[in-house]
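J.: Next up is a structure, given as structure tokens.
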Amino acid sequence: MNSKLLLSRALKKEFLSAEEGQFLFENTPTADLMWVANELRQMAVPGDVVTWQIDRNVNTTNACNANCKFCNFFRHPKHADVYITDIETYKRKIDETIKFGGDQLLLQGGHHPGLGLEYYTKLFRNLKSLYPQIKLHALGPPEVAHICKIDGISHEHALSELKKGRDG
Ligand code: SF4
């Protein structure tokens with residue numbers, strides 16, 4: 001493999017394989033990678049101004065039955081410290097986010113055995129009706145898989161309903 005060839009393919013927006021990506025990672029000076037990344041960024045968003053999105057992480061609940069060994073965040077669903085974030089807390093945190101120029105909420109949390117599709121679609125609708133301008137970047141694949149498991153529904157159905165809720 002050859003770094004220069006791979007970089008020129010990347011500049012033509014050709015997909016690289018995982019092995020080619022690893023080769024670049026291990027054999028290409030960071031400055032060259034940065035240059036190519038900036039060229040690709042210029043193609044997508046021309047101009048010299050690079051921006052970013054201000055968002056805030058808010059945990060939906062700390063109750064979780066996944067028991068990941070590395071996790072110091074979760075509590076067993078019957079633990080006394082379990083919480084489910086209430087609407088007043090969401091409102092306070094979103095108001096603070098907006099005050100600091102934020103426009104997105106990253107919602108994540110534990111696998112609560114009692115919180116299924118209805119809970120999350122209702123929550124998303126509620127948040128969007130209160131804050132239509134806020135984007136919901138909500139739930140990762142394990143959380144969606146958990147919802148499907150406890151409700152006995154397909155991933156496709158869950159994602160489509162969650163998306164409807166997220167879109168208000
Ligand atoms: S699923 Fe998330 S919250 Fe639950 S134990 Fe694992 S890392 Fe912690």
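The values are calculated or read from the model by the stated rules, or taken from the named source; none is laboratory data. Note that this is a predicted model, so its numbers are computed, not measured. Every residue, glycine among them, receives a Cβ derived from its backbone with ideal geometry; neighbour counts consider all protein chains shown. Note: accessible area is taken over every heavy atom of the protein model, side chains too, but ligands, DNA and RNA are not part of it. Shrake-Rupley method; radii C 1.70, N 1.55, O 1.52, S 1.80 Å.
J.: With the structure loaded, tell me whether GLN53 is away from the ligand (no atom under 16 Å from the Cβ), within 30 Å of LYS13 (Cβ to Cβ) and open to solvent by 60 Å² or more (accessible area, probe 1.4 Å) or whether it fails that test.
T.: When the stated conditions are applied, GLN53 passes them.
J.: Quick check on GLU20: is it open to solvent by less than 70 Å² (accessible area, probe 1.4 Å) and of a type in the set (Asp, Glu)?
T.: When the stated conditions are applied, GLU20 passes them.
J.: Which numbered condition trips up TYR119, out of (1) assigned to a helix (DSSP H, G or I); (2) surrounded by fewer than 19 Cβ atoms within 10 Å (Cβ to Cβ); (3) in contact (Cβ under 8 Å) with a residue 24 or more places away in the chain?
T.: Every condition holds for TYR119 apart from (3).
J.: Using the structure shown, decide if LEU159 is closer than 30 Å to THR51 by Cβ, open to solvent by 30 Å² or more (accessible area, probe 1.4 Å) and away from the ligand (no atom under 16 Å from the Cβ).
T.: So LEU159 fits the description; yes.
J.: How many residues does the range 98-127 contain that are over 19 Å from PRO142 (Cα atoms) and either in contact with a Leu (Cβ under 7 Å, 6 or more places away or on another chain) or within 15 Å of the ligand (Cβ to nearest atom) (or both)?
T.: 1
J.: Within the range 141-156, take every residue that is in contact (Cβ under 8 Å) with a residue 12 or more places away in the chain and open to solvent by 60 Å² or more (accessible area, probe 1.4 Å) and give me the one that is nearest to TYR131 (Cα to Cα).
T.: Of everything passing the filter in the range 141-156, PRO142 is nearest to TYR131 (Cα to Cα).
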